[in-house]
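Chemist: Mind looking over this structure? Questions follow.
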Amino acid sequence: MSPARVLCVGILVADVFVPPLERLPEAGELIATDDFLLQPGGCAANTAIALRTLGVEAAVCGRVGDDLLGSFVEQDLRSRGIDTSGVLRTDGYGTSKTVIMPVAGEDRRFVHTFGANAALTAGDIDPAAFAAAEVLCVGGYLVLPSLREDGLADKLRAARDHGTKVVLDVAVPAGAELSLDDAAAVLPFTDYFVPNEDEALALTGEREPVRQAERFIERGANCVAITLGDRGVYVRRGDWELHVDAPPMEVVEPSGAGDAFAAGLVVGILEGWELERSVRFAAVVGASACTALGCYAGVLTREQAEAFLAAHQGA
């Protein structure tokens, strides 16, 4: 296996996807469907798998339980050519699991157990791994209870000192009261901050992406890309800004779009592309994740994404 160019740190899950339902069952009712889809998920796995689809060597750092599903997640990732040496087995916890139920005309329903993700700490991130990587992707920050701000900031600082680019995503716990102070220690060591609009609202209290990005940059983020679902993405770096519309693709199920966007952005970072080219490419990759059931079955290859961009240039 070639050395990983990207280290993906964060949530690892065994995902169970129910095929899209016309409606939810009534109390006591059984609805028969096609076969369920079982696959690794969570931001670390999703981003790494999307990177492999795009032809980039990737490694994962995260925690699973010492159980059957932990073995499944680790073995599946390894079978895809992903370095799993940073996947840690955790006594006393089960592997995290999520059941995802898409419903026609409605948003998805989720049933989730947090499991071993609760034990992930900044100390689990091997300095040798991010020193060897060109990009460090950290996802799930703020929802991982043991991934403390100061410890993560120290790791991001060390990565930057090694010349490693840092991409940071967050996840907002349901019902949590957050502010920019919760990310104040890590934003100055973040090259690319990639929240979605709901996460940006929770942190800034601002509803407009322009103002959200300004607030993050005021706190030290170098570049901010706020994903806006079917309205595309807004990007800000210094005084430069760009809004990219969502690419015209049929949406089957939107899970994993943000992680695929991050993977596409990383490709641009590795290639040294101009930011606009990177963002347009990332938007296509992110949208492609929505075209099939699961978080990454629909993700385009690099060649397919570049062909799509060329075909829709100026569209």
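Chemist: Using the Karplus equation 6.51 cos²θ - 1.76 cosθ + 1.60 (θ = phi - 60°), what ³J(HN,Hα) coupling, rounded to whole Hz, does each residue of region 3-16 give in order, writing x for Gly and Pro?
Modeler: x, 6, 7, 9, 10, 9, 10, x, 7, 10, 9, 9, 8, 10
Chemist: What is the sum of charges, Lys and Arg at +1 and Asp and Glu at -1, for the other residues whose Cβ falls under 13 Å from the Cβ of residue 76?
Modeler: Numbers: positive: 52, 78, 80; negative: 15, 74.
Taking every Cβ under 13 Å from that of residue 76, the sum is +1.
Chemist: Could I ask something else about it? Enumerate the residues in region 73-104 having an amide nitrogen under 18 Å from the point lying 7 Å beyond the Cα of residue 146 toward its Cβ.
Modeler: The answer is 74, 85-97.
Chemist: Now, a different point. Counting only DSSP beta bridges with both residues in the chain, what percent are antiparallel, rounded to the nearest 5? Numbers along the way, then the final one.
Modeler: Values: 19 of 48 bridges.
The antiparallel proportion sits near 40 percent.
Chemist: Sticking with this structure for a sec: For region 37-53 and region 134-197, what is the separation of their C-alpha centers, rounded to whole Å?
Modeler: Cα centres, region 37-53 to region 134-197: 20 Å.
Chemist: With a ≥ b ≥ c the root eigenvalues of the C-alpha gyration tensor of the chain, is it rounded (a/c under 1.5), prolate (a/b larger than b/c) or oblate?
Modeler: Working: a/c = 1.32, a/b = 1.11, b/c = 1.19.
It is rounded, given that a/c, with a ≥ b ≥ c, falls under 1.5.
Chemist: Determine ³J(HN,Hα), in whole Hz, for all residues of region 188-196 in sequence, where each value follows from phi through the Karplus function 6.51 cos²θ - 1.76 cosθ + 1.60 and θ = phi - 60°; x replaces Gly and Pro.
Modeler: Result, rounded to whole Hz: x, 10, 10, 7, 9, 9, 10, x, 8.
Chemist: At q = 0.19, 0.21 Å⁻¹, what is the log10 ratio I(q)/I(0) for region 185-249, with the Debye formula run over Cα points and no solvent?
Modeler: Reported log10 I(q)/I(0), two decimals: -0.63, -0.76.
Chemist: Summing Lys, Arg as +1 and Asp, Glu as -1, what charge do residues with Cβ under 11 Å from the Cβ of residue 211 carry, residue 211 excluded? Show your work: numbers first, answer last.
Modeler: Values: positive: 207, 215, 236; negative: 206, 208, 214, 218.
That sum, taken over residues with Cβ under 11 Å, equals -1.
Chemist: With the other protein chains left in place, how much accessible area per residue, in square angstrom, belongs to the chain at a 1.4 angstrom probe? Could you put the intermediate results ahead of the total?
Modeler: On the way: 13670 Å² over 315 residues.
Each residue of the chain exposes 43 Å² on average to a 1.4 Å probe.
Chemist: Given the -39500 (n - 2.57) contribution per DSSP H run of 4+ residues, what per-residue ellipticity at 222 nm results for the chain, rounded to the nearest 500 deg cm²/dmol?
Modeler: Working: 9 runs with 99 residues, N = 315.
Theoretical 222 nm ellipticity from helices: -9500 deg cm²/dmol.
Chemist: Right, here's the next one. Of the residues 244, 167, 13, which exhibits the maximal mean-square fluctuation in a Gaussian network model of the chain defined by a 10 Å Cα contact cut-off?
Modeler: Highest fluctuation of the listed residues: 244.
Chemist: What does the charge count near residue 102 come to, summing +1 for each Lys or Arg and -1 for each Asp or Glu among other residues with Cβ under 11 Å from its Cβ?
Modeler: Working: positive: 108, 109; negative: 22, 106, 107, 253.
Result for the local shell: -2.
Chemist: Could I ask something else about it? List every residue whose amide H lies under 5 Å from the amide H of residue 146, counting only residues 5 or more places away in sequence or on a different chain, with H placed 1.01 Å from N in the peptide plane.
Modeler: Residues meeting the criterion, in which the H sits 1.01 Å from N, are 120.
Chemist: Residue 79 to residue 242: FRET efficiency via 1/(1 + (r/R0)^6), r the Cβ-Cβ distance, R0 41 Å, to the nearest 0.05? Before the final figure, lay out the partial values.
Modeler: On the way: r = 38 Å, r/R0 = 0.91.
So, using R0 = 41 Å, E works out to roughly 0.65.
Chemist: Assuming 0.36 nm per residue, please report the length gained on full extension of the stretch residue 132 to residue 250 beyond their Cα-Cα distance. Walk me through the numbers before you get to the answer.
Modeler: Numbers: separation 118, 0.36 × 118 = 42.48 nm, distance 3.81 nm.
Additional length available on full extension: 38.7 nm.
The values are calculated or read from the model by the stated rules, or taken from the named source; none is laboratory data. As the structure is a prediction and not an experimental result, all values here were calculated from the model. Cβ sites come from the backbone with ideal geometry, for glycine too, and all protein chains shown count toward neighbours. Side chains are part of the model used for accessible areas, which takes the heavy atoms of the whole protein and leaves out ligands, DNA and RNA. Shrake-Rupley method; radii C 1.70, N 1.55, O 1.52, S 1.80 Å.
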